[in-house]
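Okay, structure first, notes after.
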Amino acid sequence: MIKKINHIAIAVPDLQAAIHQYETTLGGKVSPIIEEGEHGVMLAFVELDNSKIELLHPLSDDSPIAKFLEKNPHGGIHHICYEVNDIMAAKEHLEREGAKILGDGTPKIGAHGKRVLFLHPKDFNGCLIELEEI
Ligand code: CO
């Protein structure tokens, strides 16, 4: 069901500093900043040959990323996103397997305009999982 890693998201306390570090210290290619008001985040992508890193920063204090940064003030890996071909088939498979889908259990439009689901970190070894339909 899961295919490639689409991206790994890192919550960062200072987005400009993180972009600068990825561009300069690590010599990476970083996208312009994207504001996702609906998701309460601003982000930039580090574009790698085989995947992407999503640098995530909260837009407001009530964003889930703000809560994550309270617990992890230096930042940290926030989620891993795996690609799936069919998000509704994935949802049905996960429900049969007893996995808990976050929210109301229906796919949402994610930060990249594709349908996504999130799976609770408690059920997946402490790792928040995003599934994105590609
Ligand atoms: Co993501």
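Coordinate-derived values only; no laboratory data. What you see is a predicted model, and the numbers here were worked out from it, not measured in a lab. Counting neighbours? That spans all protein chains shown, and the Cβs are built from the backbone with ideal geometry, glycine included.
A few remarks follow.
- Members of segment 21-30 that are surrounded by fewer than 18 Cβ atoms within 10 Å (Cβ to Cβ) and assigned to a strand (DSSP E or B): Lys29
- Enumeration of residues in segment 91-100 that are over 15 Å from Glu133 (Cα atoms) and either touching a His at 6+ places or on another chain (Cβ under 6 Å) or among the hydrophobic types (A, V, I, L, M, F, W, C) (or both): Ala99, Lys100
- Some residue of segment 65-74 being closer than 13 Å to Glu130 by Cβ and surrounded by 13 or more Cβ atoms within 10 Å (Cβ to Cβ): no
Here's the yes/no breakdown for (1) away from the ligand (no atom under 14 Å from the Cβ); (2) under 17 Å from the mean Cα position of the chain (by Cα):
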position	(1), (2)
Ala9	no, yes
Val12	no, yes
Leu15	yes, yes
Asp49	yes, no
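- Consider segment 84-109 and keep the residues that are in contact (Cβ under 8 Å) with a residue 60 or more places away in the chain and crowded, with 19+ Cβ neighbours inside 10 Å. The one that is nearest to the ligand (Cβ to nearest atom) is Val84.
- Odd one out for Ile2, checked against (1) in a strand (DSSP E or B); (2) surrounded by fewer than 16 Cβ atoms within 10 Å (Cβ to Cβ); (3) among the β-branched types (Val, Ile, Thr): (1)
- Taken as a whole, segment 57-74 holds no residue that is in contact with a helix residue (DSSP H, G or I) (Cβ under 7 Å, 6 or more places away or on another chain), away from the ligand (no atom under 11 Å from the Cβ), of a type in the set (D, E, K, R) and within 27 Å of Ile33 (Cα to Cα).
- The residue pairs whose first member lies in segment 1-12 and is in contact (Cβ under 8 Å) with a residue 12 or more places away in the chain and within 13 Å of Glu133 (Cα to Cα), whose second member is of a type in the set (Phe, Trp, Tyr) and within 11 Å of the ligand (Cβ to nearest atom), and whose beta carbons are closer than 6 Å, counting only pairs six or more residues apart or on different chains, are Ile2/Tyr82.
- Among residues of segment 42-83, those that are touching a Leu at 6+ places or on another chain (Cβ under 9 Å), β-branched (Val, Ile, Thr) and farther than 22 Å from Lys122 by Cβ, counted: 1
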